[in-house]
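The values are calculated or read from the model by the stated rules, or taken from the named source; none is laboratory data. Note that the structure is a prediction, hence the values are computed from the model and not measured. Using ideal geometry, Cβ is built from the backbone for each residue, glycine included, and neighbour counts are taken over all protein chains shown.
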Amino acid sequence: MERAPGEGWKVALIAVALGGLLAGLGLRLTGRADLAALVWSLGVLPVLGTLVREIVESLRRGDVGLDIVAALSMSAALATGEALAAAVVAVMYAGGTFLESFAEGRARREMAGLLARVPRSATRHRNGALEEVALDAIAPGDRLLIRQGDVVPVDGTVAAGSAFLDTSALTGESLPVRLAAGDEAMSGSTNSGEAFDLLATRRAKESTYAGIVRLVEAAQASRAPMARLADRWALGFLAVTVAIAAAAWWGTGDPVRAVAVLVVATPCPLILAVPVALVAGLSRAAEYGVLVKGAKPLEAMARIRTLILDKTGTLTDGRPQIVAIERLGSAGETEILRLAAALEQASKHPVAQAVVAAAVARGLALPVPSEVAEIPGEGVAGRVEGRAVVVGGHGFVRERLGLEPEPAPEGAVGAVLVAVAVDGRLAARLVMADPLRPDVAATLQALRQEGVGRILLATGDRADVAEHVTRGLGFDALRAELKPDQKVLLVLTERKDGPVMMVGDGVNDAPALAAADVGVAMGARGAAASAEAAEVVLLVDRLDRLCAGMEIARRARGIALQSVVAGIGLSVLGMVAAALGYLQPVEGALLQEVIDVAVILNALRALRVVPRRIAVAAAHPAGAAAAA
Ligand code: ADP
Ligand code: MG
């Protein structure tokens with residue numbers, strides 16, 4: 001069982017150490033020096049005991065931490081009769097762990113803010129009256145009244161008129177968005193305009209907000225394996241410290257010199273600064289709608305050199321439109337669309353949702369499909385009103401029909417082609433336009449400036465589509481017609497040359513996201529499987545947030561490193577001064593205290609990182625509109 005000291009224990013330790021220090025000072029001032037030394041020593045023992053127990057536990061796990069220096073300096077100070085210095089170090093150490101919780105709490109505030117607003121009930125229209133219902137009781141189709149200031153409880157659409165929604169808590173988007181009747185309203189946003197009616201489309205549990213809340217909770221729970229950047233340096237620092245202390249002792253024959261060195265070396269800032277800076281980075285990223293699930297992925301994100309992007313839903317906005325239906329048999333367009341859409345109701349793929357939306361827009365009533373089998377990223381097969389229907393990519397549908405594989409037909413340039421088979425025969429091809437997101441070019445350029453050297457496209461779609469949509473964007477390589485496991489293989493291959501980030505959406509990308517050093521899921525619409533598999537979730541369906549996230553990660557890591565280097569540098573200077581006899585143990589302990597505070601304040605700077613790229617990208621659409 002983990003036996004990390006609890007909050008109460010920490011406070012007790014500080015109280016004892018501080019009490020001992022002050023009482024000892026009082027005794028010393030009243031001329032009772034020998035009693036003062038005893039009181040100081042007694043105040044140190046509980047702190048030292050707790051620390052030694054923790055060190056033994058971590059050594060058993062094979063970790064050599066910097067805590068050892070703190071334990072050494074306290075015991076050495078006690079052994080040489082420098083009780084006051086020992087007491088200062090004890091207060092500082094006990095206070096340091098407390099400061100850490102405080103700084104972490106401060107740093108996590110924004111993430112906690114995401115969770116604070118979960119509504120408990122909603123107001124529902126029922127038989128001409130209004131009733132208050134629990135969130136779990138809301139079913140798709142319910143008509144809910146959303147008053148001004150209410151948090152939208154479930155995903156839905158605006159029933160009539162228009163609505164103004166403030167999504168800033170989720171996405172950092174400061175301007176409220178105006179929605180017209182029929183537009184999708186995301187749960188978790190706040191009604192900043194007049195009251196409006198919402199038609200629920202998902203249950204509370206399946207809604208976007210519930211998904212975000214689950215992700216944030218998981219991210220907060222995963223705090224244990226902090227990236228121990230400082231501990232990687234621990235052995236070296238420990239060796240240098242002991243060497244300087246030993247040299248001082250040997251050179252002067254005075255053990256107090258060695259104690260002074262150890263006391264200055266007590267490396268609280270190194271132990272604290274890194275987690276504080278990284279957690280502050282997490283918090284900052286969350287404010288921009290970039291949910292990073294822990295300090296480790298944040299640190300990894302700062303080191304990414306290769307980026308692999310999925311096409312449909314990532315590079316494109318994933319809301320394809322049917323532009324034509326090319327009939328290949330006798331069945332009529334409407335009938336083909338009705339059958340295909342009925343089957344696609346079973347799939348979450350963006351293409352599937354687009355087909356369903358097109359059918360609903362034409363007023364078609366869709367029967368419930370049966371015997372449905374989906375191969376993620378390839379297509380779906382099943383029965384609709386007793387007829388066998390297959391919808392999906394060209395290769396998938398031919399395979400299902402038992403036809404020889406044949407090169408995909410050249411479609412209209414850049415269009416996504418979806419084949420539909422009914423009763424064992426090819427019935428039609430749906431030609432779909434799936435335009436790129438407007439900010440793709442700017443985003444890719446910004447990512448290169450963030451240090452990403454290699455950018456690849458990995459798509460399940462055909463090569464000619466991939467080539468067409470990425471023309472002029474400067475991709476280093478295109479890989480088309482990939483199945484989900486082939487995307488995994490691509491990620492693994494690229495990882496041989498350095499850390500890889502994979503950005504994707506949907507169930508079919510989940511394995512590749514999990515295989516990458518950092519997996520990034522686009523959007524958290526609904527409760528997406530990709531968001532569970534990924535280390536980073538872009539809560540806003542916007543690619544430019546990727547740059548903001550990378551920039552925050554890079555700068556938070558930079559601040560962490562800077563704190564470590566400055567902290568170690570100052571400590572080493574102090575150690576040399578102590579070895580040469582310029583610092584007494586007590587002065588050394590006080591100096592180290594000052595370094596501590598300075599370094600932690602520096603680490604908290606990561607809370608104020610403002611990504612530059614986001615402003616550029618946000619200004620982009622407005623600029624384009626003005627130019628047009
Ligand atoms: P990408 O890798 O670019 O995101 P996907 O692998 O998600 O693309 O999908 C590739 C192709 O597979 C789509 O263009 C489409 O033709 C087909 N496809 C996959 N799933 C479905 C589905 N549920 N319905 C229709 N077509 C599908
Ligand atoms: Mg995709």
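Tabulated values for the structure
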quantity	calculated
Check on Ile308, within 14 Å of ligand 1 (Cβ to nearest atom), assigned by TED's automatic domain parsing to the domain that holds Asp476 and not small (Gly, Ala, Ser)	yes
Val154 vs. criteria at pLDDT 90 or above, part of a loop (DSSP other than H, G, I, E, B) and not assigned by TED's automatic domain parsing to the domain that holds Gln353	yes
Condition check for Ala480: assigned by TED's automatic domain parsing to the domain that holds Arg303, within 16 Å of ligand 2 (Cβ to nearest atom), closer than 18 Å to Gly294 by Cα and of a type in the set (Gly, Ala, Ser)	no
Matching residues, segment 49-67, being within 19 Å of Leu272 (Cβ to Cβ) and among the hydrophobic types (A, V, I, L, M, F, W, C)	Leu51, Ile55, Val64, Leu66
Residue ranges of helices (runs of 4 or more DSSP H) in segment 294-396 with at least 1 members away from ligand 2 (no atom under 16 Å from the Cβ) and within 30 Å of Leu278 (Cβ to Cβ)	295-301
Entirely in segment 398-494, the strands (runs of 3 or more DSSP E) that have 2 or more residues that are away from ligand 1 (no atom under 12 Å from the Cβ) and surrounded by 15 or more Cβ atoms within 10 Å (Cβ to Cβ)	425-433, 454-458
Evaluation of Ser563 against (1) more than 30 Å from Arg257 (Cα to Cα); (2) under 24 Å from the mean Cα position of the chain (by Cα) (one fails), failing number	(1)
Verdict on Pro275 being surrounded by fewer than 24 Cβ atoms within 10 Å (Cβ to Cβ) and either assigned by TED's automatic domain parsing to the domain that holds Val351 or within 30 Å of Val216 (Cβ to Cβ) (or both)	yes
Flag if Gly558 is away from ligand 2 (no atom under 13 Å from the Cβ), more than 25 Å from Thr306 (Cβ to Cβ) and not in a loop (DSSP other than H, G, I, E, B)	no
Pick from segment 412-463, criterion closer than 20 Å to Ser347 by Cβ and basic (Lys, Arg), ranking: farthest from ligand 2 (Cβ to nearest atom)	Arg429
When residues of segment 326-356 are limited to those that are within 31 Å of the chain's Cα centre (by Cα) and among the aliphatic types (A, V, I, L, M), the one surrounded by the most Cβ atoms within 10 Å (Cβ to Cβ)	Val351
Residue list for segment 33-82, restricted to those being assigned to a loop (DSSP other than H, G, I, E, B) and surrounded by 13 or more Cβ atoms within 10 Å (Cβ to Cβ)	Asp63, Val64, Gly65, Leu66, Thr80, Gly81, Glu82
